[in-house]
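> Starting off with a structure, shown below.
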């Protein structure tokens, strides 16, 4: 049975919801799954005045935690076409894991959100995936076995590089069922891959 970590950063709850769906999918493949978040770096008063969702239940991760898993799936929203500073600051502390090769051969994946359809989802996925490749990880995306990402009947996220959602310019849109299904599908595929490698 593989051990999977869903590691995320979420300002307004969109990525938190996607993280739950990713974890649900990984569990359907028989994996043991933990959901953790990275520390918030925005001062409390500013976060509160910007209506950040500060009551998230997931525990805060430590860098040392990463070495304990067969697969790590990272989710973070788009910030100007790349991952936000909160996630980048966390991963920047993983130099010791990189130097020791602690994550070599483990399975990785990415998921994200943006305000609009063309707001940087794919670039943000690549910014996360780039880190995972430097750690020596094997990447699993969201292939077209998730047919929902092909729909033209509604606005939807999803890319072959990872699950995505579109939050709206004011964060007013929550992940749709198609987007959540994509997140579950990617989580399942990553857990299955980890199971084959480490089962």
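> Just the residues that are loosely packed, with under 15 Cβ neighbours inside 10 Å, out of contact with any helix residue (DSSP H, G or I) (no Cβ under 7 Å at 6 or more places or on another chain), in contact (Cβ under 8 Å) with a residue 12 or more places away in the chain and not in a helix (DSSP H, G or I), please, taken from region 63-94.
80
> Go through the residues of region 156-178 one by one and say whether even a single one is at pLDDT 95 or above and in a helix (DSSP H, G or I).
Yes, region 156-178 contains at least one residue that is at pLDDT 95 or above and in a helix (DSSP H, G or I).
> Out of the residues in region 95-111 that are over 17 Å from the mean Cα position of the chain (by Cα) and more than 15 Å from residue 198 (Cα to Cα), state the one that is surrounded by the fewest Cβ atoms within 10 Å (Cβ to Cβ).
The extreme case among them is 99.
> Go through region 146-166 residue by residue and tally those that are touching a residue at least 40 places away in the same chain (Cβ under 8 Å) and within 13 Å of residue 181 (Cβ to Cβ). Can you show your working first?
Taking region 146-166 and keeping what is touching a residue at least 40 places away in the same chain (Cβ under 8 Å), we get 146, 157, 161-166.
Still in the running and within 13 Å of residue 181 (Cβ to Cβ): 146, 157, 163-165.
The qualifying residues number 5.
The values are calculated or read from the model by the stated rules, or taken from the named source; none is laboratory data. Since the model is a prediction, treat every value here as computed from it, not as a measurement. Note: ideal-geometry Cβ built from the backbone for every residue, glycine included; neighbour counts use all protein chains shown.
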